[in-house]
Amino acid sequence: MRIIQLLPELKVGGVERGTVDLSDHLIKLGHDSAVISAGGQLVDLLNEHGAKHYELPISKKNIRALSQISNLKKIYLEFQPDIVHVRSRFPAWINYFALKNFQGKKPIVISTFHGLYSKPFYSKSMSYADEIIAISKTVQDYVQENYLVNKSNLHLIYRGCDLQEFNTTAPSQEWQEAWFKEFPQTKNKTILNLPGRITSWKGIESFIDLFSYVDTSRFHGIIPGPIADNKRNYFNSLNKLIRQKHLSEHITFCGARSDIANVYKISDVVMNLSSKPEPFGRTIIEAAACGSHVMGWDRGGVKESINAINPVGLVKYGKVDRLAKQIDQVLATSPPESIPDQFTKECLVNATINIYQLALSKAS
């Protein structure tokens, strides 16, 4: 097979990493793989495993990007893909127009709904595909309710965790010493972890509120995640809230961490408390693969993953007092030794390739 994946850019992120992982697997199986994006640091990984990267400025939602339709047609004529896999709404529109009056061999189009997309008209481009992948049952149900798609063409494939990176191997002694030197306030404490970038819908206020209900002599909260320049005011407001609640010694922002797997491993409980339903909630799967207990609100993709790992970790949305009471119930259970197969990278890439082959068999 000859496969092209289409997405805005190849900077660090779950969608981007999944694109590279799938490309690597395709190459290892003897298929031809290419990716079209505006570029980014993950392009080097494509080059390393032998995939082709076509750089097109398709990450911006503007008229200039729409002018890339003719360039996209040229790439398709050159590469001759059997499958075009679109992973984002705006690139999906460019692909739609590029293929509308396409003169060459028309490829099969696969799309992946990575989110609970708002603006149904703008998002319709993702439904213009021969086969559609949803990253959770939550997303699958949402697509069925909001888009005119044939149920038989809609497939559930959960996001995949790389068990080479996320596993229960203990962090080195050197790493642990460095961590507790940098964050001595976490030593000899039960560590509650809310990972994720600093943004308003990640439930950070709920996490701060949680420490009004727990024994702060026993627990310490950490929030590892990047802070974008345009989120500085919000970050400052969170620090102000922590000071007002007299929790400065009990909650620590850790910044962006390249060693997040080890941070999961020294955490007793990793939480997802997003204020809107998550389409999947990758941090829960990664943390469980590292042997950490997991907790979160009883809805969205987070409900699906925690339910498959340890349902005791599920709490009714917004009930912070209940969340506090349930921590000890979770800690009394055995920590995860691994994760269900459907949440692994191997399952993701194999299931995706099966969809490609299904689509080709239908077309033949």
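The values are calculated or read from the model by the stated rules, or taken from the named source; none is laboratory data. Just so we're clear, the structure is a prediction, and the values are computed from it rather than from any experiment. Positions of Cβ are generated from backbone atoms using ideal geometry, with glycine treated the same way; all protein chains shown enter the neighbour counts.
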Report summary line: Expected single match for crowded, with 21+ Cβ neighbours inside 10 Å and either under 19 Å from the mean Cα position of the chain (by Cα) or not assigned by TED's automatic domain parsing to the domain that holds GLY301 (or both) among SER70, SER118, SER127, SER111 is SER111
Requested in this report: Could you grab me the full set of residues in the stretch 316-349 that are in contact with a helix residue (DSSP H, G or I) (Cβ under 8 Å, 6 or more places away or on another chain) and over 30 Å from LEU192 (Cβ atoms)?
Outcome: VAL349
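In the stretch 96-119, which residues are touching a Lys or Arg at 6+ places or on another chain (Cβ under 7 Å) and either acidic (Asp, Glu) or not in a loop (DSSP other than H, G, I, E, B) (or both)?
From the stretch 96-119, those touching a Lys or Arg at 6+ places or on another chain (Cβ under 7 Å) are 98-99, 102, 112, 114, 117; that's our starting set.
Scanning the stretch 96-119 gives ALA98, LEU99, THR112.
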Report task. Could you list all residues from the stretch 221-237 that are buried (at least 19 other Cβ atoms within 10 Å of the Cβ) and either at pLDDT 95 or above or of a type in the set (Val, Ile, Thr) (or both)? Result -> GLY221, ILE222, ILE223, PRO224
Query raised in the report: Given the residues ASP328, ASP321, which is the only one that is surrounded by fewer than 16 Cβ atoms within 10 Å (Cβ to Cβ) and in contact (Cβ under 8 Å) with a residue 40 or more places away in the chain?
Result: ASP321
Query raised in the report: Counting just the residues of the stretch 197-220 that are surrounded by 21 or more Cβ atoms within 10 Å (Cβ to Cβ) and touching a helix residue (DSSP H, G or I) at 6+ places or on another chain (Cβ under 7 Å), which one comes out farthest from ALA324 (Cα to Cα)?
Result: ILE204
Query - Verdict on GLY221 being touching a residue at least 12 places away in the same chain (Cβ under 8 Å), out of contact with any His (no Cβ under 7 Å at 6 or more places or on another chain) and either more than 17 Å from SER275 (Cα to Cα) or not aromatic (Phe, Trp, Tyr) (or both) - result: no
Query raised in the report: Can you tell me which of PRO8, PRO57 is buried (at least 21 other Cβ atoms within 10 Å of the Cβ) and touching a residue at least 12 places away in the same chain (Cβ under 8 Å)?
Result: PRO8
Report task. Identify all residues within the stretch 179-196 that are surrounded by 14 or more Cβ atoms within 10 Å (Cβ to Cβ), in contact with a helix residue (DSSP H, G or I) (Cβ under 8 Å, 6 or more places away or on another chain) and on the phi < 0 side of the Ramachandran plot; write none if there are none. Result -> TRP179, PHE180, THR186, THR190, LEU192, ASN193, LEU194, PRO195
Report summary line: ASN354 passes all but one of the listed conditions (1) at pLDDT 95 or above; (2) under 20 Å from the mean Cα position of the chain (by Cα); (3) in a helix (DSSP H, G or I); the exception is number (2)
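Looking at the stretch 305-315, which of the residues that are assigned to a helix (DSSP H, G or I) and touching a helix residue (DSSP H, G or I) at 6+ places or on another chain (Cβ under 6 Å) is surrounded by the fewest Cβ atoms within 10 Å (Cβ to Cβ)?
Ranking the qualifying residues of the stretch 305-315, first place goes to VAL312.
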Query raised in the report: Is the stretch 143-156 home to any residue that is surrounded by fewer than 19 Cβ atoms within 10 Å (Cβ to Cβ), of a type in the set (Lys, Arg), out of contact with any Cys (no Cβ under 7 Å at 6 or more places or on another chain) and at pLDDT 95 or above?
Result: no
